[in-house]
Structure formats: structure tokens, C-alpha cells
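*Asks:* Structure below; questions to follow.
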């Protein structure tokens, strides 16, 4: 298109420089040549637009389609993520439940064992206390006997 403009301008200037006419005739001719050049450029622009217009409309339509498809893909990805998150939560809850089911009896056994040990320790401490009291009485009694023997003797 630039080439066409340069050719037209070159032709116009050549016509002005080599034309042996009066100034008013020359100006009229220049105006006519200018109008012709302007018309030619407008026509070429229209022709180019007619060729480019369908491609531009196709690009616009494809862009719109891509936008729509992108939104659909984004929506699908969001739904997939939500389903995956829900499934993951459910799996975690099921795992926690299974672990609790397996651990609960063990915890109960441990609690029972600790209770038995605690009861046994309480009994043992009570018996040790009783034996200590017996020994204390015997020791006190033996001490008292020794003091009496020493005093008598």
C-alpha cells in the first residue's frame, strides 16, 4: 500500500514538473490528481478491509470460543478440586475412625493394666505400712525391755 502511495506521489510530482501549463491549470490538474490518488487509496483500503475483515471476525469468534472454553475448563477444574477435597476429607475421617477402632481396645487394656498396678501398689503400700507398724511396735517393745533390764541390772 505504501508502494502505491509512493508511485502515485511520484507520478503526481513528475506531472507537475514536466507539464508546460499555466499555474491555474496546473493547480486544477494537481487537485484532480490528488483527488484521484485519495480515491485510489480509499478504494485499496476498502479492498484490504474486505480481505482482512473475515479473518478479523474469525479471530474474534475464536477468541470468544477460547474464552468460553477457558471458563468451562476453569469451572470443571474447580468442581474437580471440590470433589477431590471432599473425597480427601472423607478418607481422612474414615482413617481416623479405623485408627480409633484399633486403638480404643488397646487404650482400654492399658487403662485396666494401670488400674490393676495402681491397686496392687496401694495394697503393697498398705501391707508395708502394716509391717512397718508391727516392726515399730516390736522394736519399741524390745527397746523398752532392754531399758528395763539395764535399769534392773
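Values in this text are rule-based calculations from the coordinates and carry no lab data. What you see is a predicted model; the values in this text were computed from it and never measured.
*Asks:* Using Cα atoms only, what is the angle between the long axis of helix 23-152 and the major principal axis of the chain, expressed in degrees (0 to 90) to the nearest 10?
*Replies:* Between the helix axis and the principal axis of the chain, the angle is about 0 degrees.
*Asks:* Enter the angle in degrees (range 0 to 90, nearest 10) between the Cα long axis of helix 2-18 and the first principal axis of the Cα atoms of the chain, meaning the one along which they spread out most.
*Replies:* Tilt relative to the chain: about 30 degrees.
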